[in-house]
1. Looking at (1) 79, 69, 40; (2) 110, 55, 45; (3) 61, 57, 48, which value of Cα extents along the principal axes in Å comes from a calculation on the structure shown?
2. Specify whether the C-alpha gyration tensor of the range 275-341 places it in the rounded, prolate or oblate class, a ≥ b ≥ c being the square roots of the eigenvalues: rounded for a/c under 1.5, otherwise prolate if a/b is larger than b/c and oblate if not.
3. To the nearest 10 degrees, how steeply does helix 164-180 sit against the main Cα axis of the chain, on a 0 to 90 scale?
4. According to a simple spin-label model (label point 7 Å from Cα along Cα-to-Cβ), what is the distance in nm between residue 391 and residue 330?
5. Calculate, for residue 437 and residue 163, the FRET efficiency according to 1/(1 + (r/R0)^6) with r their C-beta to C-beta distance and R0 60 Å; round to the nearest 0.05.
6. Short version: ³J(HN,Hα) in whole Hz for each residue of the range 113-123, in order, from phi by Karplus 6.51 cos²θ - 1.76 cosθ + 1.60 (θ = phi - 60°), x for Gly and Pro, what are they?
7. Which whole-Hz ³J(HN,Hα) couplings does the range 398-406 yield from phi under the Karplus relation 6.51 cos²θ - 1.76 cosθ + 1.60, θ = phi - 60°, glycine and proline marked x?
8. Check which residues have an amide H placed less than 5 Å from residue 441's amide H, if you skip close sequence neighbours.
Amino acid sequence: AKNVVFALDNFDRAEAKSEADQRSQYLATHDGLTGLPNRSMFGQLLDRSIKSARRRANKCAVLFIDLDRFKVINDSLGHAAGDALLLDVAGRLKRCLRESDVVARLGGDEFVIILDDIDEPDQAGLVAAKVVHTMNAVVVLSGHECRTTASIGIALFPDDGEDEDTLTRHADMAMYLAKEEGKNSYRFYSSGLKSQSRDRLMLETNLRQALELEQFSLQYQPKVHARTGRITGVEALLRWSHPELGNIPPLDFIPVAEDTGLIVPIGRWVLHTACAQNVAWSNDGLPAMSIAVNLSPRQFLDENLLRDIDDVLRVTNMAPELLQLEITESMVMQNVNRAIKLLGAIQSRGVRLAIDDFGTGYSSMSLMKQFPIDTIKIDQSFVKELATSAEDRAIATAIITMGQALGLTVIAEGVETEEQDGFLREQYCDELQGYLFCKPVSAAEISKLLTEHRSPPTQPDLLVEQATAVMF
């Protein structure tokens with residue numbers, strides 16, 4: 001009997017050890033959240049797929065998937081909501097595939113798919129298109145309806161690489177191209193991407209040093225009052241001058257700064273520089289002016305934003321009511337409840353608020369009246385075709401009418417022709433800005449302009465009321 005009991009005890013321990021070993025092996029090869037194969041297991045599976053394709057003389061494909069708005073959702077709704085989204089995405093991806101295909105999670109919001117036994121690149125493209133479509137579905141997270149999209153890069157064996165590391169790296173590079181070209185799409189790898197990737201890496205490296213080496217500056221572009229022709233403000237635009245690369249356009253480096261998080265310290269520098277410049281103008285005896293600084297999406301989500309605003313106002317000794325912060329319509333629509341709370345906290349400090357690029361998001365009058373703003377800017381995409389597009393004229397008119405109904409100042413940006421100018425004046429748009437009136441100039445030239453018109457002006461009436469500084 002004792003021998004039997006001893007044997008049974010040993011059997012139970014052996015079984016428990018076996019189960020523990022199996023669990024340990026599973027955790028070592030699978031993602032703890034989604035249950036998908038992890039990075040380590042993915043490498044083994046892809047290596048096996050490559051060997052199989054080589055034996056059969058056909059192809060396999062790697063699809064590198066990155067969620068476009070995961071950080072926004074994770075930061076605004078919390079990690080629990082982010083985890084719920086990742087679980088939902090994992091389920092959607094599995095439903096897009098055949099049983100022979102593999103989906104794995106590399107970490108964060110990065111997933112990969114291995115497609116076995118394919119004959120043509122179009123087969124991988126069809127799967128990628130299916131994934132893009134599937135990702136657009138609405139998901140409810142923490143009581144909020146959310147929508148995320150995916151950017152996908154595709155690399156094929158043996159066309160784009162003959163080993164696991166090369167295929168994964170090339171699919172990753174193609175994914176970044178999809179992001180740079182607007183997100184919510186897929187791109188195939190091509191040899192030309194190597195040089196683009198090197199250029200981006202070099203740009204990122206130089207961007208990290210630009211702030212420390214004082215390579216940034218601000219230029220200013222005047223605005224005019226639509227009915228009187230008076231100068232009502234100046235907009236400051238961020239410029240980067242590199243000693244070897246020359247002047248780098250904002251459209252080239254702002255997306256990189258946003259992706260890497262460098263936009264937060266750069267934006268902090270813009271905020272401080274704009275406020276300091278405003279105080280300097282005031283100390284020179286010029287009229288008190290309002291400075292508006294554009295906040296990037298990454299800044300708007302930064303937990304230290306309110307502290308940064310307080311620090312800048314304290315260090316520069318500028319009155320809060322002279323600072324106006326500009327945010328885009330799409331930023332506030334990503335999480336309306338959080339936006340209202342944050343904007344209220346900013347307004348409570350006496351700082352003014354404006355919505356930039358208005359008309360490009362999906363807000364309504366019922367939502368807009370909840371935001372504590374005083375200015376909206378019509379996006380230049382609606383101004384560009386005013387002379388020829390009835391639809392753009394209708395949109396511009398509707399925005400102006402809505403702004404008037406809500407008691408807001410309406411500014412049209414990107415005015416370049418007499419036809420655009422005439423239409424906007426007829427619709428009683430409050431302020432106009434664009435190359436038709438003046439190109440961006442240095443702070444010194446703005447100071448000269450303001451000094452020349454401090455005395456009572458003649459025609460046209462050049463009374464300066466306000467100065468606006470934004471990043472772009």
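1. (2)
2. On the way: a/c = 3.07, a/b = 2.12, b/c = 1.45.
Verdict is prolate for the range 275-341.
3. Relative to the chain, helix 164-180 is tipped by roughly 30 degrees.
4. Using points 7 Å along Cα→Cβ, the separation is 1.8 nm.
5. Numbers: r = 58 Å, r/R0 = 0.97.
Taking R0 as 60 Å, the efficiency between residue 437 and residue 163 is 0.55.
6. Going residue by residue, I get 10, 10, 9, 8, 6, 10, 9, 10, x, 4, 5 Hz, with x marking Gly and Pro.
7. So the J values, rounded to whole Hz, are 5, 5, 4, 4, 5, x, 5, 5, 8.
8. Correct list: 220, 221.
Values quoted throughout were computed directly from the atomic coordinates according to the rules given, and no laboratory measurement underlies them. Small disclaimer: the values here were computed from a predicted structure and weren't measured. Positions of Cβ are backbone-derived with ideal geometry, glycine not excepted, and every protein chain shown enters the neighbour counts.
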